[in-house]
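Notes follow the structure.
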Amino acid sequence: MTPGRDVRSLCLAASLAAAALAPGCLPPPPQPARPNVLTDPCAERLHNLCGNLLLYYSAHKKLPPALEDLISAGSFSRSPAVCPVSNRPYVYDPAGLPLPKRRGRLVLYDPLPSHAKMRWGILVGPPAPGGLITANVVLVSEEELTAARE
Ligand SMILES: [Zn+2]
């Protein structure tokens, strides 16, 4: 690296810093970090509810008719079926909403977009030839949910 190049990059850094500090020229606010499915407490709660869901399905060959049936279906979830952020009960619909560009139906989701303006939900895939379904915890944007509800 030549000394001249160092000076130019320093000048560029200084002018960028000055631009960021200039009034009326603030950098955009940082985007909230995308919640992590492995560490988010709400996602963990839904993972446990997935266990109940699969247990109920294997016994009855259908999804539980109501949220109460889902909670009492197994011992995976000992937590109440409420979002730990909004403290509101999850929305449950055994018929499920078809999410655009995703395989399966959204059967349970956050009542509010409490996670970086998104919602956690459980996406249930169609029964496989063996008769078993899949259930995955997914992050759903408001655009996807609006499209699914139309
Ligand atoms: Zn939540």
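Where a number appears in this text, it was derived from the coordinates with a stated rule and is not lab data. From a predicted model like this one, the values you see are computed outputs, not experimental measurements. Cβ placement follows ideal geometry from the backbone for every residue including glycine, while neighbour counts extend to all protein chains displayed.
Tabulated data
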| read-out | value |
| --- | --- |
| Within the range 31-149: Cβ-based charge dipole about Cα centre, in debye rounded to nearest 20 (Lys, Arg +1; Asp, Glu -1) | 220 debye |
| Paramagnetic reach from LYS61 (point 7 Å along Cα→Cβ, amide N under 20 Å) across the range 110-143 | 125-135 |
| Those lysines that a straight Cα-Cα span of less than 21 Å connects to LYS117, excepting residues fewer than 8 apart in one chain | LYS101 |
| Per-selection Rg to Rh, the range 31-149 - Cα, Kirkwood hydrodynamic radius | 0.94 |
| THR39-GLU143 FRET efficiency (beta carbon distance; Förster radius 25 Å; 0.05 resolution) | 0.55 |
| Segment ALA128-ARG103, length gained on full extension (0.36 nm per residue, minus Cα span) | 7.7 nm |
| The range 31-149: relative contact order in percent, alpha carbon pairs under 8 Å with at least 6 residues between | 24 percent |
| Length added when fully stretched, GLU150-LYS117, from 0.36 nm per residue minus Cα-Cα | 9.9 nm |
| Environment charge of VAL140, counting only residues whose C-beta is closer than 10 Å and scoring Lys/Arg +1, Asp/Glu -1 | -2 |
